[in-house]
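Asks: Below are the structure tokens for one structure; questions will follow.
The values are calculated or read from the model by the stated rules, or taken from the named source; none is laboratory data. As the structure is a computational prediction, the values presented were derived from the model and not from experiment. Cβ coordinates were reconstructed from backbone atoms using ideal geometry, including for glycine residues, and neighbour counts include every protein chain displayed.
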């Protein structure tokens, strides 16, 4: 029998807050952990010294366990031979003129270095360290030698089995409904576009580890459904975007209020890797180009100045507004209130179902 999430992570409720890069900071992480869940910090873009400061800021707000997420080393690879096409250059220059965003930036590495980031997390004794886009077995070993926990996302059964062999403590089964970057690291990402309802029970059956369900889970109905599928816990990301502690731009929050499931799409044009977010003008027009985009993370760095200008001008046309398909069920409340609401709602629904 697999260990419960509460035992594994020393938390009160088997609810994890997805460590969303650009949306999670010490305020959201600590609020979730203080409420009995497991807060998560998306740290892939944080340089080591800043990352250490963020970890200590979290510790200044909570003495509860929390999770810090990094991207696998393979995602940092910077292709120095990649060149931007004339068509993409022209489109981007037009955007920069329109938004007053200055010169088009040269593509540059923006994530990692994971070895240095991981060293900080181990030195700071971060209770749970998670990875996206796969992981390296020697990193798992180093984390365990420090008596810390490690988890990672899987979008297919093959990935879940790889992670089990690598020695992780639990696997996050990331359904296609999930917002943000797809965690696929074996094969083409389209093979990993498996819905949560289909993915979770098959991963549960395939491995002998606790499975954390992720993707489209917004309320007690989703939590109970995933429990019935065999998941030991759930990870919610989009649900927490409605919390005031979420560090997202005002225009992103406004866009969330007007979203439906069909408003989101999986696209590679924002970063170079497939990710689910709210469709906007940038996505529509770059996807319409008959040209190749830059590989990840060069494409992401190319739009950095544009995204910054869009944030400052409250313009949703050029933002990366990562969101899952459950977006229409967002509740705007403080993180602690959301955790309490999820717990109480789940208890009530469990009772109701037992009576029918």
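Asks: Name the residue that is nearest to residue 294 (Cα to Cα), counting only residues in region 101-121 that are within 21 Å of the chain's Cα centre (by Cα) and at pLDDT below 95.
Replies: 109
Asks: Among the helices (runs of 4 or more DSSP H) lying completely within region 248-356, list those that include at least 2 residues that are under 30 Å from residue 34 (Cα atoms) and within 20 Å of the chain's Cα centre (by Cα).
Replies: Once the helices (runs of 4 or more DSSP H) in region 248-356 are filtered for at least 2 residues that are under 30 Å from residue 34 (Cα atoms) and within 20 Å of the chain's Cα centre (by Cα), what remains is 250-257, 335-354.
Asks: Anything in region 198-209 that is under 19 Å from the mean Cα position of the chain (by Cα) and either in a loop (DSSP other than H, G, I, E, B) or surrounded by fewer than 18 Cβ atoms within 10 Å (Cβ to Cβ) (or both)? List them, or say none.
Replies: Answer for region 198-209, where residues must be under 19 Å from the mean Cα position of the chain (by Cα) and either in a loop (DSSP other than H, G, I, E, B) or surrounded by fewer than 18 Cβ atoms within 10 Å (Cβ to Cβ) (or both): there is none.
Asks: Can you find a residue in region 128-135 that is surrounded by fewer than 23 Cβ atoms within 10 Å (Cβ to Cβ) and at pLDDT 95 or above?
Replies: Yes, region 128-135 contains at least one residue that is surrounded by fewer than 23 Cβ atoms within 10 Å (Cβ to Cβ) and at pLDDT 95 or above.
Residue-by-condition table, conditions (1) over 26 Å from residue 104 (Cβ atoms); (2) in contact (Cβ under 8 Å) with a residue 60 or more places away in the chain; (3) buried (at least 22 other Cβ atoms within 10 Å of the Cβ):
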{"residue": "236", "(1), (2), (3)": "yes, yes, yes"}
{"residue": "261", "(1), (2), (3)": "yes, yes, no"}
{"residue": "264", "(1), (2), (3)": "yes, yes, yes"}
{"residue": "273", "(1), (2), (3)": "no, yes, no"}
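Asks: A further question follows. If I filter region 211-229 down to residues being under 19 Å from the mean Cα position of the chain (by Cα) and assigned to a loop (DSSP other than H, G, I, E, B), which single residue comes out as farthest from residue 163 (Cα to Cα)?
Replies: Here the residue is 219.
Asks: Right, another one. Please count how many residues of region 212-232 are surrounded by 24 or more Cβ atoms within 10 Å (Cβ to Cβ), touching a strand residue (DSSP E or B) at 6+ places or on another chain (Cβ under 9 Å) and either free of Cβ contacts under 8 Å to residues at least 60 places away in the same chain or on the phi > 0 side of the Ramachandran plot (or both).
Replies: 4
Asks: Does region 85-100 contain at least one residue that is more than 17 Å from residue 33 (Cα to Cα), crowded, with 18+ Cβ neighbours inside 10 Å, modelled with pLDDT under 95 and in contact with a helix residue (DSSP H, G or I) (Cβ under 7 Å, 6 or more places away or on another chain)?
Replies: Within region 85-100, not a single residue is more than 17 Å from residue 33 (Cα to Cα), crowded, with 18+ Cβ neighbours inside 10 Å, modelled with pLDDT under 95 and in contact with a helix residue (DSSP H, G or I) (Cβ under 7 Å, 6 or more places away or on another chain).
Asks: Of all residues in region 238-247, which are assigned to a loop (DSSP other than H, G, I, E, B) and either closer than 28 Å to residue 107 by Cα or touching a helix residue (DSSP H, G or I) at 6+ places or on another chain (Cβ under 6 Å) (or both)?
Replies: 243, 245, 246, 247
Asks: Is it the case that some residue within region 136-148 is at pLDDT below 95 and surrounded by 18 or more Cβ atoms within 10 Å (Cβ to Cβ)?
Replies: No: region 136-148 contains no residue that is at pLDDT below 95 and surrounded by 18 or more Cβ atoms within 10 Å (Cβ to Cβ).
Asks: From the residues in region 233-255 that are farther than 16 Å from residue 151 by Cβ and in contact with a strand residue (DSSP E or B) (Cβ under 7 Å, 6 or more places away or on another chain), which one is modelled with the highest pLDDT?
Replies: Ranking the qualifying residues of region 233-255, first place goes to 240.
Asks: Shifting gears a bit: Could you list, in sequence order, all residues of region 98-131 that are assigned to a helix (DSSP H, G or I), in contact with a strand residue (DSSP E or B) (Cβ under 9 Å, 6 or more places away or on another chain) and closer than 21 Å to residue 273 by Cβ?
Replies: Once the filter is applied, which keeps residues that are assigned to a helix (DSSP H, G or I), in contact with a strand residue (DSSP E or B) (Cβ under 9 Å, 6 or more places away or on another chain) and closer than 21 Å to residue 273 by Cβ, region 98-131 yields 114, 117, 118.
Asks: Between residues in region 310-330 that are without any contact (Cβ under 8 Å) to a residue 40 or more places away in the chain and on the phi > 0 side of the Ramachandran plot and residues that are crowded, with 19+ Cβ neighbours inside 10 Å and outside any loop (DSSP other than H, G, I, E, B), which pairs lie under 6 Å by C-beta distance while being six or more apart or on different chains?
Replies: Final answer for the pair search is none.
Asks: Separate question: Out of contact with any strand residue (DSSP E or B) (no Cβ under 6 Å at 6 or more places or on another chain), modelled with pLDDT of 95 or more, farther than 25 Å from residue 299 by Cβ and surrounded by 22 or more Cβ atoms within 10 Å (Cβ to Cβ), is that true of residue 192?
Replies: Criteria not met by residue 192.
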